[in-house]
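Asks: Here it is, the structure in full.
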């Protein structure tokens, strides 16, 4: 039997009134609860309440709330002068410093103040809920209630169960978050929970591409946006988050998983942190944000003529989209049955979608010298940019003809160094692999993993749904080839993906 949400008459308390704490208080007050705010900094709670009331007033001005509702919500906010003022709370959540001892002490102090039915919901993003609860007399009342910043706007809330968490407590928080207009997901207390764990490859693979000289930051960012459909590229996103924060989370997850190579921190980011180049907030990161600085443009190939007869092969999404785009450009072509996986030929050039091998390796193993690989796109019919890699054996005229073909289809073409998996494909494959491992290890469900990544970090598609779209067998092949190319455990394939492939089914089946 599912648990009901906390009733509106339940007093909610928020300890810590920075941006996150204030955001959570705003959400709870908007949902009809009396909300008490406490902060050990003098005047901080009162200042936070003033800010929240100003937000309610702005919402009323924009017609998102009536003036009466905005006033009523603001009046439900109360500044608490001491912890004992929270004695009547039915739920206390904290958004204090990310420090285990500080959180343990807070909740141990609160246990002596509140009633036995009061629920504790920690907003920690990286500390073990099990470890926080270990200091309590009644750890079963504690669960993670992890909002994302800014809490009033972001839909996702991770409900995280520690080893001692009562399932009824987790279910009550789940129902309450839903009643507050959020989309909750259940997760187990493991390093990074869902989002901060599954998101690591988005940063890690981009950093590795840069370290190997595949392309510059602006080009990789443009490809992840314009071909991958991500709202922000990995480098601009890290600059926005702050390298001090992002690097610390990566290190935390890496250490918590006993130095698993899948979460290995990057020397490039270490250098930025050592230099104090934390991103936007310090004026320098991967990009220069100082006054007068010019944002670099992505590398785009010069215009080439699509010289030679064009043949499209098979009925893949890439080939079909290419046909549609060439039709729109009034460029003639013929179609034929697929043979060795190529999607197109133009003159002597053969175009393939990357399978995790380098173009040079694929040319060697296939005996086809003029191999040009194209990257994955979320939607080949609408993508504005596409990455390619060219085999070392490929003749320059053949490479130029392939570039001309893609340009005639309306793509801006960025040529990367011949690294395995290109940019979007290896990012999607490793994201799907990490999400699959989280599911396989009982951290969350398939649906929760996809929902968390779409709503928590605005991915254009859940990574497991994306794997189904690309083809789970194709994802497995890409990972296997990356593993062979690098000889690293970093690309080991999740058992969940293996089973799906061997069973001939999608992950969501």
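Asks: In segment 485-502, which residues are more than 21 Å from residue 450 (Cα to Cα) and free of Cβ contacts under 8 Å to residues at least 40 places away in the same chain?
Replies: Selection gives 487, 502.
Asks: Could you list all residues from segment 360-370 that are buried (at least 22 other Cβ atoms within 10 Å of the Cβ) and under 16 Å from residue 479 (Cα atoms)?
Replies: Residue satisfying the conditions is 362 alone.
Asks: If you don't mind, another one. Looking only at segment 258-274, filter to residues that are assigned to a loop (DSSP other than H, G, I, E, B) and over 19 Å from the mean Cα position of the chain (by Cα); which one of those is surrounded by the most Cβ atoms within 10 Å (Cβ to Cβ)?
Replies: 260
Asks: Would you be able to say whether some residue in segment 446-464 is under 20 Å from the mean Cα position of the chain (by Cα), farther than 24 Å from residue 234 by Cβ and part of a helix (DSSP H, G or I)?
Replies: yes
Asks: Now for a separate question. Of (1) in a helix (DSSP H, G or I); (2) more than 22 Å from residue 429 (Cβ to Cβ); (3) touching a helix residue (DSSP H, G or I) at 6+ places or on another chain (Cβ under 8 Å), residue 277 satisfies all except one. Which?
Replies: If we test residue 277 against (1) in a helix (DSSP H, G or I); (2) more than 22 Å from residue 429 (Cβ to Cβ); (3) touching a helix residue (DSSP H, G or I) at 6+ places or on another chain (Cβ under 8 Å), just (1) comes out false.
Asks: Would you mention how many residues in segment 28-45 are surrounded by fewer than 21 Cβ atoms within 10 Å (Cβ to Cβ) and farther than 10 Å from residue 78 by Cβ?
Replies: Looking only at that region, the number is 7.
Asks: Residue under question is residue 399, and the condition is that it be surrounded by fewer than 24 Cβ atoms within 10 Å (Cβ to Cβ), touching a strand residue (DSSP E or B) at 6+ places or on another chain (Cβ under 9 Å) and assigned to a helix (DSSP H, G or I); does it hold?
Replies: Yes, satisfied.
Asks: If you don't mind, there's one more thing I want to ask. Within segment 288-304, is even one residue in the same structural domain as residue 402 (by TED's automatic domain parsing), more than 35 Å from the chain's Cα centre (by Cα) and either surrounded by 15 or more Cβ atoms within 10 Å (Cβ to Cβ) or not in a strand (DSSP E or B) (or both)?
Replies: No; the residues of segment 288-304 include none that is in the same structural domain as residue 402 (by TED's automatic domain parsing), more than 35 Å from the chain's Cα centre (by Cα) and either surrounded by 15 or more Cβ atoms within 10 Å (Cβ to Cβ) or not in a strand (DSSP E or B) (or both).
Asks: Also, quick follow-up: Residues of segment 22-57 being more than 15 Å from residue 8 (Cα to Cα) and in contact with a helix residue (DSSP H, G or I) (Cβ under 7 Å, 6 or more places away or on another chain), which ones?
Replies: Correct list: 22, 37, 38, 39, 48, 51, 52, 53, 55, 56, 57.
Asks: Here is a follow-up. Name the single residue that is nearest to the chain's Cα centre (by Cα) among those in segment 374-391 being in a loop (DSSP other than H, G, I, E, B) and either at pLDDT below 95 or within 18 Å of residue 315 (Cα to Cα) (or both).
Replies: 378
Asks: Okay, next question. Looking only at segment 356-373, which residues are out of contact with any strand residue (DSSP E or B) (no Cβ under 6 Å at 6 or more places or on another chain), more than 17 Å from residue 482 (Cα to Cα) and in a loop (DSSP other than H, G, I, E, B)?
Replies: 367, 369
Asks: What about residue 75, is it free of Cβ contacts under 8 Å to residues at least 24 places away in the same chain, exposed (fewer than 14 other Cβ atoms within 10 Å of the Cβ) and either over 33 Å from the mean Cα position of the chain (by Cα) or closer than 20 Å to residue 157 by Cα (or both)?
Replies: Yes: the conditions hold for residue 75.
Asks: Now, a different point. So in segment 338-373, with the set limited to residues that are free of Cβ contacts under 8 Å to residues at least 24 places away in the same chain and under 19 Å from residue 415 (Cβ atoms), which one is nearest to the chain's Cα centre (by Cα)?
Replies: Here the answer is 352.
Asks: Out of all the residues in segment 269-284, is one or more within 17 Å of residue 234 (Cβ to Cβ), touching a strand residue (DSSP E or B) at 6+ places or on another chain (Cβ under 7 Å) and assigned by TED's automatic domain parsing to the domain that holds residue 241?
Replies: There is at least one residue in segment 269-284 that is within 17 Å of residue 234 (Cβ to Cβ), touching a strand residue (DSSP E or B) at 6+ places or on another chain (Cβ under 7 Å) and assigned by TED's automatic domain parsing to the domain that holds residue 241.
Asks: For residue 481, only one of the following conditions fails: (1) touching a residue at least 40 places away in the same chain (Cβ under 8 Å); (2) within 30 Å of residue 154 (Cα to Cα); (3) crowded, with 18+ Cβ neighbours inside 10 Å. What is its number?
Replies: (2)
Asks: Let me ask something else about it. Given the residues 507, 493, 475, 497, which is the only one that is assigned to a loop (DSSP other than H, G, I, E, B) and buried (at least 22 other Cβ atoms within 10 Å of the Cβ)?
Replies: Within the list 507, 493, 475, 497, the selection yields 507.
Asks: Taking the criterion of being part of a helix (DSSP H, G or I), out of contact with any strand residue (DSSP E or B) (no Cβ under 9 Å at 6 or more places or on another chain) and in the same structural domain as residue 182 (by TED's automatic domain parsing), would at least one residue in segment 2-18 satisfy it?
Replies: no
Asks: So in segment 97-124, with the set limited to residues that are buried (at least 21 other Cβ atoms within 10 Å of the Cβ) and within 14 Å of residue 146 (Cβ to Cβ), which one is modelled with the lowest pLDDT?
Replies: 124
Asks: Kindly indicate the residue of segment 205-214 that is farther than 13 Å from residue 421 by Cβ and touching a residue at least 60 places away in the same chain (Cβ under 8 Å) and also surrounded by the fewest Cβ atoms within 10 Å (Cβ to Cβ) among those meeting that condition.
Replies: Here the answer is 213.
Asks: Of 147, 230, which residue is touching a strand residue (DSSP E or B) at 6+ places or on another chain (Cβ under 8 Å), crowded, with 22+ Cβ neighbours inside 10 Å, touching a residue at least 24 places away in the same chain (Cβ under 8 Å) and on the phi < 0 side of the Ramachandran plot?
Replies: After applying the criteria, what remains is 147.
The values are calculated or read from the model by the stated rules, or taken from the named source; none is laboratory data. Treat the numbers as computed from the prediction; the structure is a model and nothing was measured. So basically every Cβ, Gly included, is an ideal-geometry build from the backbone, and we count neighbours across all protein chains shown.
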